[in-house]
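The values are calculated or read from the model by the stated rules, or taken from the named source; none is laboratory data. Just so it is clear, the structure is predicted and the values come from calculations on it, not from any experiment. Cβ atoms come from the backbone with ideal geometry, glycine included; neighbour counts cover every protein chain shown. Heavy atoms of the whole protein, side chains included, go into the accessibility calculation; ligands, DNA and RNA do not. Shrake-Rupley method; radii C 1.70, N 1.55, O 1.52, S 1.80 Å.
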Amino acid sequence: MIWRLAASAARLLPPEAAHVAAVKTLQANIGPRPHVPSLPVSLAGLDFANPLGVAAGFDKNAACYKGAMGLGFGHVEVGTITPLAQPGNPKPRVFRLSKDAAVINRYGFNSQGMEVAAANLARVRDYTGILGVNVGANKTSPNPTDDYRVAVACLARFADYVTLNISSPNTPGLRDLQTQQHLAALLDAARTGMQEAGVTRPLFLKIAPDLEQADLELIVDHCVSAGVHGIIATNTTISRPDSLRDRQASQTGGLSGQPLFTMATDILSRIVQLGKGRIGVIGVGGVAHGWQAYAKILVGADLVQLYSGLALDGPLIASRILHELAILLDKDGVSTVGAICGTIPDPQAAIRHAFRCAQTG
Ligand SMILES: Cc1cc2nc3c(=O)[nH]c(=O)nc-3n(C[C@H](O)[C@H](O)[C@H](O)COP(=O)(O)O)c2cc1C
């Protein structure tokens with residue numbers, strides 16, 4: 001009850017102030033500590049207590065991942081962390097679209113930089129989940145590809161896995177790294193960074209939902225041949241679906257939350273088809289209910305992440321989704337996430353099945 005009230009109170013604050021308050025609260029280890037169902041999954045040699053994680057952008061400076069894991073999430077992806085500190089775009093730069101259960105942000109990688117993040121990561125080691133570290137390039141970097149090497153070299157040793165974020169719409173030129181010309185150099189840079197750090201960690205690549213089929217084919221091919229362990233689909237979209245009703249819908253930035261769900265699930269399914277089991281797939285975009293996480297798993301997601309749902313619904317969301325997910329697995333007569341993963345490759349059919357399953361008693 002108290003956490004529902006806290007979530008309602010946070011909605012009275014401007015979105016960035018609410019975000020800062022949430023990070024500080026979790027950093028102080030204050031928050032609900034729900035019991036969540038055990039739904040173990042494995043990916044890239046890592047064992048996750050459950051498939052649900054916090055997507056990047058919430059714990060940008062690795063300040064509160066231990067507290068966030070305590071909410072029931074099986075993993076937390078911190079970042080995006082850039083090599084040098086940078087302020088990001090002028091405020092206001094985050095907008096709630098309450099009528100659409102959505103968020104638009106143009107934070108622009110506000111980051112305290114990798115040294116601060118490394119110090120935070122070195123200090124807090126007694127967490128109980130899988131820790132992902134998501135890295136990106138500085139806005140004014142003369143050599144963005146090299147920024148990934150530098151950040152990976154500094155941060156990989158603290159991470160269970162490393163994500164290269166090349167899909168934020170808020171850093172000019174960043175998404176060009178998704179093209180053939182740049183991708184090989186980018187993946188090389190990350191490998192070099194790990195060699196410099198003297199560690200090997202599973203490598204994930206996070207992509208945009210606004211890519212054409214030809215781009216997706218190229219990205220999956222490159223990732224498979226370069227030994228990338230997973231593709232995270234997707235980041236926020238620069239598109240604006242006609243369905244949007246909130247007056248904030250015309251703000252510049254990346255759109256996330258409910259309006260992204262179908263689009264991101266569609267891209268996810270195409271990545272699964274192209275990957276043919278050769279690469280892990282992490283589904284993100286518009287997950288706020290157990291059936292939405294379930295739909296992504298039915299399509300073939302090994303893991304599911306969310307951010308907007310946490311911002312809009314509050315800290316009990318992990319526990320609610322995981323309980324709903326356990327019930328859905330039970331209704332379909334399976335006892336593990338792995339048993340149902342990828343069994344309905346068509347995204348529309350998967351969404352329909354998951355939704356109907358959630359409606360039936
Ligand atoms: C306010 C905000 C900030 C974000 N910052 C980042 C970021 O720094 N790095 C990143 O990879 N993704 C970032 N994202 C994207 C999310 O990780 C996620 O991919 C996207 O929001 C879709 O998931 P959702 O609908 O559950 O929010 C951000 C999203 C939001 C809403």
message: Taking the condition of being of a type in the set (A, V, I, L, M) and either assigned to a helix (DSSP H, G or I) or without any contact (Cβ under 8 Å) to a residue 24 or more places away in the chain (or both), how many residues in the range 253-301 meet it?
response: 13
message: Condition first: in a loop (DSSP other than H, G, I, E, B), more than 22 Å from Ala288 (Cβ to Cβ) and either touching a helix residue (DSSP H, G or I) at 6+ places or on another chain (Cβ under 6 Å) or open to solvent by 10 Å² or more (accessible area, probe 1.4 Å) (or both). Can you find one or more residues in the range 145-156 that meet it?
response: no
task: Collect the residues in the range 291-308 that are within 14 Å of the ligand (Cβ to nearest atom) and either acidic (Asp, Glu) or open to solvent by less than 10 Å² (accessible area, probe 1.4 Å) (or both), keeping them in residue-number order.
output: Gln292, Ala293, Ala295, Lys296, Ala301, Leu303, Val304, Gln305, Leu306
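Looking at Leu218, Leu211, Leu205 in this structure, which one is in a helix (DSSP H, G or I) and open to solvent by less than 50 Å² (accessible area, probe 1.4 Å)? Walk me through how you get there before you give the answer.
Working: Leu211 fails: in a helix (DSSP H, G or I); Leu205 fails: in a helix (DSSP H, G or I).
Leu218 is the lone residue from the list that is in a helix (DSSP H, G or I) and open to solvent by less than 50 Å² (accessible area, probe 1.4 Å).
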- prompt: If we scan the range 113-125, do we find a residue that is open to solvent by 30 Å² or more (accessible area, probe 1.4 Å) and within 30 Å of Pro37 (Cβ to Cβ)?
  reply: yes
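Just checking, which of Gly342, Gly333 is modelled with pLDDT of 95 or more, surrounded by fewer than 24 Cβ atoms within 10 Å (Cβ to Cβ), assigned to a loop (DSSP other than H, G, I, E, B) and more than 22 Å from the chain's Cα centre (by Cα)? Before you say what the answer is, go through the steps one by one.
Values: Gly342 fails: more than 22 Å from the chain's Cα centre (by Cα).
Gly333 is the lone residue from the list that is modelled with pLDDT of 95 or more, surrounded by fewer than 24 Cβ atoms within 10 Å (Cβ to Cβ), assigned to a loop (DSSP other than H, G, I, E, B) and more than 22 Å from the chain's Cα centre (by Cα).
Has the range 311-330 got any residue that is in a loop (DSSP other than H, G, I, E, B), at pLDDT 95 or above and open to solvent by 40 Å² or more (accessible area, probe 1.4 Å)?
Within the range 311-330, not a single residue is in a loop (DSSP other than H, G, I, E, B), at pLDDT 95 or above and open to solvent by 40 Å² or more (accessible area, probe 1.4 Å).
Which ones in the range 141-158 are without any contact (Cβ under 8 Å) to a residue 24 or more places away in the chain and more than 13 Å from Ala189 (Cα to Cα)?
Pass one, the range 141-158, residues without any contact (Cβ under 8 Å) to a residue 24 or more places away in the chain: 142-143.
Correct list: Pro142 only.
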task: From (1) farther than 30 Å from Ala153 by Cβ; (2) acidic (Asp, Glu); (3) open to solvent by 50 Å² or more (accessible area, probe 1.4 Å), pick out the condition that doesn't hold for Asp100.
output: (3)
field: Leading residue by the ranking (farthest from Ile321 (Cα to Cα)) among those in the range 2-52 that are over 19 Å from the mean Cα position of the chain (by Cα) and of a type in the set (Ser, Thr, Tyr)
entry: Thr25
- prompt: Restricting attention to the range 167-202, and to residues there that are touching a residue at least 12 places away in the same chain (Cβ under 8 Å) and in contact with a His (Cβ under 8 Å, 6 or more places away or on another chain), which single residue is most open to solvent (accessible area, probe 1.4 Å)?
  reply: Gln180
- request: Any residue in the range 48-73 that's closer than 18 Å to Asn235 by Cβ and hydroxyl-bearing (Ser, Thr, Tyr): show its pairings with residues that are open to solvent by 10 Å² or more (accessible area, probe 1.4 Å) and assigned to a loop (DSSP other than H, G, I, E, B) at Cβ separation under 9 Å, as long as the two are six or more apart or on different chains.
  value: none
- prompt: Taking Val103 and the conditions (1) in contact (Cβ under 8 Å) with a residue 12 or more places away in the chain; (2) over 16 Å from the mean Cα position of the chain (by Cα), which numbered condition does it fall short on, given that it satisfies the others?
  reply: (2)
